Amino acid sequence: MPTSSCGHPAILVAGGAGYIGSHACKALAAAGFRPVTLDNLSTGHRWAVKWGPLVEADIADGRAVAAAVADHGVVAALHFAALSIVSDSVRAPLRYYDNNVTRALAFVAALLGAGVTRFLFSSTAAVYGLPRMSPIAEHHPTVPINPYGATKLAFEGALRALEPAHGLRTVVLRYFNAAGADPEGAIGEAHAPETHLIPNLVRAALGLGPPLSLFGTDYATRDGTAERDYIHVADLAEAHVAALRHLLAGGESLTLNVGTSTGVTVAEVLATAGALLGRPVPHCLGPRRPGDPPALVADAGALRRRLGWAPARSDMATILHDAFAWHGRQGPGP
Ligand SMILES: NC(=O)c1ccc[n+]([C@@H]2O[C@H](COP(=O)([O-])OP(=O)(O)OC[C@H]3O[C@@H](n4cnc5c(N)ncnc54)[C@H](O)[C@@H]3O)[C@@H](O)[C@H]2O)c1
C-alpha cells in the first residue's frame, strides 16, 4: 500500500541528498508534496535529507526504483542524480556516460515500468557550448565542448524520443549557475572537491580555505573577468515546483533555461562580498581555464512566460548573505 495517501502526492527525487536536490525537497514539502529521496550518497549527504524518507540506492537499481514507487505511491520524478564536474568528465568520460546516460536511462525505464510518466530533468547551460549570442535562449545551437555537457544533451535527446513511444512528459530545466544556501540555514552547498566560485570565495573570506583563484582577467567582458548568471538555489528549487505543477496539471513537455537573464562578473561578485564583509576577500589572479567561455547568461524569459516563475532571492548580495550564513556555521570541515 502506498504510504503517502494523506493528500501529499509523493515525488521521487533522484539525487535528493545533493545540493540542489535537497533544496528542491524542502520546496516540495513546503508546497504540499512528499519528497522521497533516492540517492547512492556518492556526492550527497545523509544529513541533507530532512523532508522525507531516504531510499539509499543507485538510480540504475530498477528493483529499488520500482519498490520506492510502489511503497510511496510516487506520481512523478525529479532527476538530479548526476556527476557534474567538467574537468572530471574530460578525464573520465566513460564514468560520466555510464552515470549520466546509461544509468539515467535505466532509471527512466524503471519509472515507466512502474507507471510514472511525469519527469523533471536537471540539465545545464553546458549543453550550449561556446555561446554564439548572449543572452542564450533555448533555441541557441547545442554544441557541448566537454563530455559533461554531451552526456546531458544525450539524455535530453533520449527523453524527447521517449515521449511519443512511451507517453513520458518531461520538463528539462537547463540551469546556469546555482548558488547560495537555504535562507533558513537548514542546508547548503557542500561539494568535495568544490569547484564553484561562491563557496570557494566564502571559504576564502572566512579563512576556511585558500585565497580565491580568479581564472582569467583578460576576457572581453566589462572588467576582464568571466561573467555568469547566478540563480539562488531556493529560487531554482521553486522553479522545480512550478514545473512539477505544470506537468501534474497535464501540461506539455518543455525545455527551459533557469537563470536571471543578468550576468555578474567574478570581480563584481568579489566586490559585493567585500562590501558585505567590510574587508576584501583574499584572492589571487590566475590564467584562464581551458574551455571557460567569457560569458554565460541565460535568456530566462520562456520560464517566466510558461511557468509564471520569477526569481525572488537571486541578487548577488542575497546569494552571498545566505552562502556566508551557511558556511559560517559549518566551521573548517574535515
Ligand atoms: N550546481 C550547479 O550549479 C548545476 C548547474 C547546472 C546543472 N546542474 C545539475 O544539477 C544536478 C544537481 O547538481 P548538484 O550541484 O546538486 O550536484 P550534487 O553532486 O550535490 O548532487 C547530485 C546527487 O546525486 C547523487 N547521485 C549521483 N549519481 C547517482 C546515482 N547513479 N544513483 C543515485 N544517486 C546518485 C549524489 O549522491 C548526489 O546526492 C546535477 O544533475 C547537475 O548536473 C548543477
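The values are calculated or read from the model by the stated rules, or taken from the named source; none is laboratory data. All values derive from a computational prediction rather than experimental measurement. Reconstructed Cβ throughout: ideal geometry from the backbone, glycine too, with neighbour counts over all protein chains shown.
Key figures for this structure:
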read-out	value
Count of residues meeting criterion [more than 21 Å from Tyr19 (Cβ to Cβ) and among the charged types (D, E, K, R)] in segment 293-332	4
Test result for Tyr219, within 16 Å of the ligand (Cβ to nearest atom) and either surrounded by 23 or more Cβ atoms within 10 Å (Cβ to Cβ) or over 19 Å from Ser314 (Cβ atoms) (or both)	no
Residue among His232, His240, His196 that is in contact with an Asp or Glu (Cβ under 8 Å, 6 or more places away or on another chain), crowded, with 20+ Cβ neighbours inside 10 Å and under 23 Å from Val127 (Cα atoms)	His232
Any chance Leu130 is at pLDDT below 95, away from the ligand (no atom under 14 Å from the Cβ) and of a type outside the set (S, T, N, Q)	yes
Enumerated strands (runs of 3 or more DSSP E) restricted to segment 1-116, each holding at least 3 residues that are surrounded by fewer than 23 Cβ atoms within 10 Å (Cβ to Cβ)	54-56
Qualifying residue in segment 272-281 (condition: under 20 Å from the mean Cα position of the chain (by Cα), surrounded by fewer than 16 Cβ atoms within 10 Å (Cβ to Cβ) and in contact (Cβ under 8 Å) with a residue 40 or more places away in the chain)	no
